[in-house]
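Taken together, the values in this text are just the output of simple stated rules run on the coordinates, not laboratory data. Note that the coordinates shown come from a computational prediction; the quantities given were computed from them, not determined experimentally. Don't worry about glycine lacking a Cβ; one is built from the backbone with ideal geometry, like all the others, and counts go over all protein chains shown.
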Amino acid sequence: MSDEAVVKRIKVIVKEHGGQLALANAIGVDQGFISKVINQKQDVSYYLIRKLCFQLKYSPEWLILGTGEKMIHKPDSAKLITEIQMLRTEVDILHARMRAYELELQELKQQGVAGRQKAG
């Protein structure tokens with residue numbers, strides 16, 4: 001997931017926590033990881049989103065969509081994060097299937113061209 005709006009909100013979180021190193025220490029990741037995400041050299045991962053939401057209590061709705069309250073004060077937030085992860089996994093599976101179908105279609109097209117060349 002590489003969304004400039006999400007990166008912008010992560011930058012807000014970095015600022016609120018006193019910088020990249022302080023945020024990295026607060027959620028148990030490497031400062032370089034935070035830097036790469038902020039500089040868009042690495043996609044925003046659900047691993048990072050989960051850490052920001054579970055450990056620091058940021059709302060997944062605010063972090064991902066930019067709507068709702070910034071902080072979560074509800075007990076069902078863990079359920080929401082889990083549902084987001086499950087949906088993301090489903091999307092990843094669908095992308096993989098779609099890529100497999102595209103490769104299969106490409107192979108069939110190549111076989112069709114080769115067959116026509118032999119016949120012609």
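Odds and ends about this structure:
- Length gained on full extension, ASN25 to TYR101: 23.1 nm, using 0.36 nm per residue less the C-alpha separation.
- Relative contact order of the stretch 32-120, pairs being alpha-carbon contacts under 8 Å that are 6 or more residues apart, as %: 15 percent
- Model label sites at ALA5 and LYS57, defined 7 Å from Cα along the beta-carbon direction, differ in position by 2.6 nm.
- Count of lysine pairs in the chain with Cα separation under 20 Å (8 or more residues apart, or interchain): 25
- Listed residues GLN31, GLN40, GLN106, most fluctuating in the chain (Gaussian network, C-alpha, under 10 Å): GLN106
- Cβ-derived FRET efficiency at R0 41 Å, GLU90 paired with ALA114, nearest 0.05: 0.65
- Compactness relative to 2.2 N^0.38 Å, alpha carbon Rg of the chain: 1.52
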